[in-house]
Amino acid sequence: MTLDAIVAAALGLTEAEVSALPDETRFFGPPLEMSSLAGAQMLTAIATELGVDVAGEDLALDSLRSLGHLRAYVSSRGR
Amino acid sequence: MVGQGRVLDTWVAGREELEEWADRHPVLDRTERRRAEAGGERGRDARAGATLLRLAVAARTGQSPAEVDVRRRCATCAHTGHGRPRLSHGLAASTSHSGGLVAVAVADSSWVGIDIEQVRPVPVADLARVAFDARERDLVGEDTEAFLDVWAVKEALSKASGSGILDGRLRQCAVRSVRPLRLHDLSGFGCASGRVLRLPLPDGYTGFVAAGPGVDWHHTAGLSSARTTRLVSPGSR
């Protein structure tokens, strides 16, 4: 499962729709309007599917500032 | 009335009821309409939330809903198209939505936050690990309703303090016991004397509002048959 697919599942979008979003897209405002609970569910899916424990390693959760931040964080963990 | 003491107004209404009202009364401004145009569940929630916010503030100030001046500024990115609503008349507000239900809190203190959650299956242990302190994880165990109670309390506190999951404050320990609700020191959330009050909600939902101490609390349920109840603000620390 790809990161974009996980994000898409959390948001009720398709993977293609998420892949088309620019890096600066924010999770917690328009247009995504992600809830905190959906964000937490997304982090658990990233840990399960990709083996990257964002919540455990990035304690300030800076990686959730934008889609690009999250993509870079997961990519930097080599997966 | 504004300026007659510390008053907390909470409003809860169904999304469909709000959509029907909004179809007949185009009161949203350009920014709100743009958020509503996102479509899908997100757009519907944004439209319903903005509508209920205007209704709640209008009832408080005596303005018409269209006259209510709602400005937003995100505490994280400083964007003015979203974030915590800022109001005139010295009022502050917070909104929440879940499972087709919408809630708004309006107060004359900036320290106010509201969160509602539809009770539904969630991966309790996984989510608690992301957001809860170890003591809170022990509190909720595998109990979905207890988890959603603690989550809603911490979301309400987080909104009141102007933060969010982004700065990891949700992991700060806040809840000492769930039933009855007892909290730890809230100074880390910006208001040591703050209170968290359980909202009267339909079956299948849980929710809380965080507000300063000593508020005169009025709760309104529904629109077409709106029923306002004056509730006691207990010392639920």
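Read the figures in this text as sums done on the coordinates, not as results from a lab. None of the values given here were measured: they were computed from a predicted structure. Neighbour counts run over all protein chains shown; Cβ positions are idealised from the backbone, glycine included.
Mind checking the angle between helix B:15-24 and chain B's longest principal axis? C-alpha axes, 0 to 90 degrees, to the nearest 10.
Compared with the principal axis, the helix lies near 10 degrees.
Quick check: net charge around B:Ala107, other residues with Cβ under 14 Å of its Cβ, Lys/Arg +1 and Asp/Glu -1?
Working: positive: B:Arg6, B:Arg60, B:Arg84, B:Arg86, B:Lys159, B:Arg195; negative: B:Asp9, B:Asp108, B:Asp216.
Surrounding charge for B:Ala107 is +3.
Taking Cα atoms, how many degrees apart are the long axis of helix B:40-61 and the longest axis of chain B, rounded to 10 and kept between 0 and 90?
70
Relative contact order for the range B:113-211: what is it in percent, counting Cα pairs under 8 Å that are at least 6 residues apart?
On the way: 164 pairs, mean separation 35.4, N = 99.
Once divided by the residue count of the range B:113-211, the mean separation gives 36 percent.
Along its principal axes, what span do the Cα atoms of chain B show, with the longest given first and each in whole Å?
Result, largest extent first: 48, 41, 37 Å.
Could you sort A:65-73, A:17-25 so that the peptide with the highest average Cβ count within 10 Å comes first and the rest follow in order? Write out the running numbers ahead of the final one.
On the way: A:65-73: 18.6, A:17-25: 13.8.
So the order, starting with the most tightly packed, is A:65-73, A:17-25.
What shape does chain A take by its C-alpha gyration tensor, where a ≥ b ≥ c are the square roots of the eigenvalues and a/c under 1.5 counts as rounded, a/b above b/c as prolate, and the rest as oblate?
Details: a/c = 1.39, a/b = 1.26, b/c = 1.10.
Because its axes are fairly even, with a/c under 1.5, chain A counts as rounded.
How big is the charge dipole of the range A:3-76 about its Cα centre, in debye rounded to the nearest 20, if each Lys and Arg gets +1 on its Cβ and each Asp and Glu gets -1 on its Cβ?
So the dipole magnitude of the range A:3-76 works out to roughly 120 debye.
Give me the net charge for the shell around B:Arg73: Cβ to Cβ below 12 angstrom, other residues only, Lys and Arg +1, Asp and Glu -1. Before the final figure, lay out each step's value.
Working: positive: B:Arg71, B:Arg72, B:Arg84, B:Arg86; negative: none.
Net of charged neighbours comes to +4.
Near the amide H of A:Asp53, under 5 Å away, which other amide H atoms are found, from residues 5 or more places off or on another chain, if H is placed in the peptide plane?
Excluding prolines and chain starts, which carry no amide H, there are no hits.
For the range A:38-79 and the range B:182-201, compute the distance between their C-alpha centroids and round to whole Å.
So the two Cα centres are separated by 29 Å.
Once the Cα atoms of helix A:67-76 and of chain A are each reduced to a long axis, what angle between those two axes, in degrees from 0 to 90 to the nearest 10, is obtained?
Computed tilt is about 30 degrees.
Using amide H atoms built 1.01 Å from N in the peptide plane, name the residues 5+ places from B:Ser109, or on other chains, whose amide H lies under 5 Å from its own.
B:Ala92
For the protein assembly as shown, what class follows from the C-alpha gyration tensor (a ≥ b ≥ c being the square roots of its eigenvalues): rounded when a/c is under 1.5, otherwise prolate if a/b is larger than b/c, else oblate? Walk me through the numbers before you get to the answer.
Details: a/c = 1.80, a/b = 1.27, b/c = 1.42.
Because a/c hits 1.5 or more and a/b fails to exceed b/c, the protein assembly as shown counts as oblate.
Summarise the partner chain shielding of A:40-46 as one whole number: the mean count of Cβ atoms from other chains within 10 Å of each residue's Cβ. Could you put the intermediate results ahead of the total?
Working: counts 12, 5, 1, 6, 8, 2, 0.
Partner-chain Cβ atoms within 10 Å, mean over residues of A:40-46: 5.
If you take each beta carbon of peptide B:123-136 and count the beta carbons of other chains within 10 angstrom, what is the mean?
Across B:123-136, the average partner-chain Cβ count within 10 Å equals 4.
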